[in-house]
1. Are there any trypsin sites (Lys or Arg not before Pro) in region 109-177 that are in a DSSP loop and have at most 15 other Cβ atoms within 10 Å? List them by number.
2. Return the sequence-ordered ³J(HN,Hα) values of region 27-36 in whole Hz as given by the Karplus equation 6.51 cos²θ - 1.76 cosθ + 1.60 applied to θ = phi - 60°, using x for Gly and Pro.
3. Going by C-beta contacts inside 10 Å, put Tyr102, Tyr85 in order with the fewest on the left.
4. Restricting to DSSP H runs of at least four residues, report the calculated mean residue ellipticity at 222 nm for the chain, -39500 (n - 2.57) per run over all residues, nearest 500 deg cm²/dmol.
5. What's the lysine pair count for the chain at a Cα cut-off below 27 Å, pairs eight or more apart or interchain?
6. Amide H to amide H, which residues 5 or more places from Ala10 or on other chains are under 5 Å from it, using H placed in the peptide plane?
7. Note down the relative contact order for region 6-107 as a percent, whole number, built from C-alpha pairs under 8 angstrom at least six residues apart.
8. Please give the charge dipole size of region 89-176, origin at the Cα centre, charges +1 on K and R Cβ atoms and -1 on D and E Cβ atoms. Round to the nearest 20 debye.
Amino acid sequence: MKQSLRIVVAEDEPNMREYWQTTLPVLGHRVEGLAQSGSEPLELCRGRRPDLVITDIKMPELDGIDAAREVFRERPVPIIVVSAYHDPDLIERAGASHILGYLVKPIKEADLLPAIELAIRRFEEFAALKKETADLRQALEDRKIIERAKGVMMRRAKLGEEEAFRRLQKLASEKRRKLIDIAQSILIAEESFEMPGSS
């Protein structure tokens, strides 16, 4: 991985904190903050806005999975959790909490590098998919508004469907505005005509 990441680590064991502070820079990354309890990562992430969070599961105050859920809810970021145990229940909880990696201690550098790369890649894929879904949803909503505006044009100007759509396009071009903006303006104008006492 060529990208240098800013990483927040949550770990209550001093020897593991030292491991992260030593190993992550060797891999080309920067430790942006070290939390010693499960309640600290959220505050650190607010201030540092890291590219990745690595958190131990067994932590004072709040466990790493709950901490990860809080961090992700406020600002989505790829998260890897670390445990001393290969516990199916923990893995299931982690899988339901937007966690993209699960490492079991002792952690070898050879395991850490691919885990980080995979978490970043999966997060980027999820983010792209989420944006694509949002764009599609917006496009559908825009289409509904444009269709309604076209209906207004057809009714008021006695136009056919194709001609009404061409008029909308022409208006958008002449006004140098998006088609959706013109459609919304037409619907607002139509609503004002339909208001009680407007005739």
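No lab work stands behind these numbers, since they all come straight from the coordinates. Keep in mind the model is a prediction, meaning the values are calculated, not measured. Cβ placement follows ideal geometry from the backbone for every residue including glycine, while neighbour counts extend to all protein chains displayed.
1. Sites meeting the loop and neighbour criteria: Lys158, Arg176, Arg177.
2. Once rounded to whole Hz, the list reads 7, x, 10, 10, 7, 7, x, 10, 9, 10.
3. Neighbour counts put them in this order, fewest first: Tyr85, Tyr102.
4. That calculation yields -20500 deg cm²/dmol at 222 nm.
5. So the count works out to 22.
6. Amide H to amide H, under 5 Å and 5 or more residues apart or across chains, Ala10 pairs with Ala35, Ile54, Thr55, Asp56.
7. 25 percent
8. Approximately 900 debye in magnitude.
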